[in-house]
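Asker: Have a look at this one.
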Amino acid sequence: MTKTGVDYQGRDLEAMSAAVNYHQWILDEIQPFLGNSVAEVGAGIGSVSEMLLERGVGQLAAFEPSAQMFALLQENLGGEARARVINDFFSPSYAGEQFDSVVYLNVLEHIPEDGKELAGAFECLRPGGHLIIFVPALQWLYSDFDREVGHFRRYTLGGLKSIVAGAGFSIVRARYFDIAGVLPWYVNFVLLRNTMGKGSVALYDKVAVPIMKRVESVLRPPLGKNVLLIARKDAC
């Protein structure tokens, strides 16, 4: 389905395509809440979409408003019978689907009216369904790179919980994620004003992520480079 042509070049997606361990870490955390029918908002080129399908998702509706990204998304998911790709924003007009989960992985920060967006997601979920959000954290880490790739904000744990609760959800779990990434991000992007490179992402993914995955499975960090939140639409 093609409806819109948002101009988004996806340079951050290209760099993050090297973060295989990082994405698998996130998916390990969210898999129990996915269910069978999943809406992935801001699917980009389909890197995470493919991982979701590998995790056994029965039906995936992959929404991507960017014309540039959508062409690659179609190419990557075109042969998958369980996936439907949609060149559009996610909205309550799809509420008839009644998804088991709605997933925003590094997407909500790109949306100007995040509270309104989540209210729409609430309408599109079946009772008992889950909202899954992964976003960049800590506004003092906001950099030129954030601005260049279209991030309107970075989140605090409390701030995100408040927005989600305001949209009608009950919080299931929420935590800071990847404490080891805070200092490198601050130095590299805030102080030095560098951009994200695929090589540096791959190195961090290979060396730091396996260690931090084990550490944070035991010790929940007091802060982190990201926030991971799971919420539920309670039955009326």
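Asker: Using a probe of 1.4 angstrom, how much of the accessible area of the chain is carbon and sulfur, in percent?
Answerer: Values: 5990 of 10560 Å².
The C+S portion of the solvent-accessible surface of the chain is 57 percent.
Asker: I would also like to ask the following. Setting aside same-chain residues fewer than 8 positions from Lys225, which aspartates and glutamates have a Cα under 17 Å from its Cα?
Answerer: Once the sequence-local aspartates and glutamates are set aside, what remains near Lys225 is Asp12, Glu29, Glu109, Asp144, Asp146, Asp178, Asp205, Glu216.
Asker: While we're looking at this one, here's another question. List the GluC sites (Glu not before Pro) in segment 76-143 that DSSP assigns to loop (not H, G, I, E or B) and whose Cβ has at most 12 other Cβ atoms within 10 Å. Which are they? Walk me through the numbers before you get to the answer.
Answerer: On the way: sites: Glu80, Glu97, Glu109, Glu113, Glu117, Glu123; in loops: Glu80, Glu113.
When the GluC sites (Glu not before Pro) of segment 76-143 are filtered for loop state and at most 12 Cβ neighbours within 10 Å, Glu113 remain.
Asker: What Rg and what Dmax come out for the chain when only alpha-carbon atoms are used, in angstroms?
Answerer: Rg and Dmax of the chain, Cα atoms, are 16.8, 50 Å.
Asker: For segment 100-236, just the Cα atoms, rotate onto the principal axes and tell me the three extents in Å, largest first.
Answerer: Principal axes ranked by extent give 49, 34, 23 Å for the Cα atoms.
Asker: Shifting gears a bit: For segment 51-177, just run the numbers: alpha carbon Rg, then divide by 2.2 N^0.38 Å, N being how many residues it has. Numbers along the way, then the final one.
Answerer: Values: Rg = 15.2 Å, N = 127, 2.2 N^0.38 = 13.9 Å.
Normalised Rg, Cα atoms only: 1.10.
Asker: Using a Gaussian network model on the chain with a 10 Å cutoff between Cα atoms, which of Gln139, Gln98, Gln59 fluctuates the most?
Answerer: Between Gln139, Gln98, Gln59, it is Gln139 that shows the largest mean-square fluctuation.
Asker: Give, in whole angstrom and from largest to smallest, the semi-axes √(5λ) of the equivalent ellipsoid of segment 95-155, with λ running over the eigenvalues of the Cα gyration tensor. All intermediate terms of the calculation are to be shown ahead of the outcome.
Answerer: Working: eigenvalues 140, 21, 14 Å².
For segment 95-155, the semi-axes come out at 26, 10, 8 Å.
Asker: For the chain, what does the relative contact order come out to in percent, with C-alpha contacts under 8 Å and a separation of six or more?
Answerer: Working: 454 pairs, mean separation 54.4, N = 236.
With pairs under 8 Å counted, the relative contact order is 23 percent.
Asker: Report the Cα centroid-to-centroid distance between segment 165-200 and segment 19-88 in angstrom, as an integer.
Answerer: 21 Å
Asker: I'd like to check one number: the per residue accessible area of the chain, probe 1.4 Å, reported in Å² as a whole number. Provide the component values of the computation, followed by the final result.
Answerer: Values: 10560 Å² over 236 residues.
Using a 1.4 Å probe on heavy atoms only, each residue of the chain averages 45 Å².
Asker: OK, next. Would you please calculate the Kirkwood hydrodynamic radius of segment 39-119 over all C-alpha pairs and express it in Å, rounded to one decimal?
Answerer: Result for segment 39-119, one decimal place: 12.8 Å.
Asker: Right, another one. Bin width 10 Å, origin at 0, all Cα-Cα pairs of segment 158-227: what percent of pairs per bin?
Answerer: Taking every Cα pair in segment 158-227, the percentages come to 17, 39, 30, 14, 0.
The values are calculated or read from the model by the stated rules, or taken from the named source; none is laboratory data. Predicted model, so just to flag it, every value in this text is computed and none were measured. All Cβ positions, glycine included, derive from the backbone under ideal geometry; neighbour counts span all protein chains shown. Accessible surface areas use protein heavy atoms only, side chains included; no ligands, DNA or RNA. Shrake-Rupley method; radii C 1.70, N 1.55, O 1.52, S 1.80 Å.
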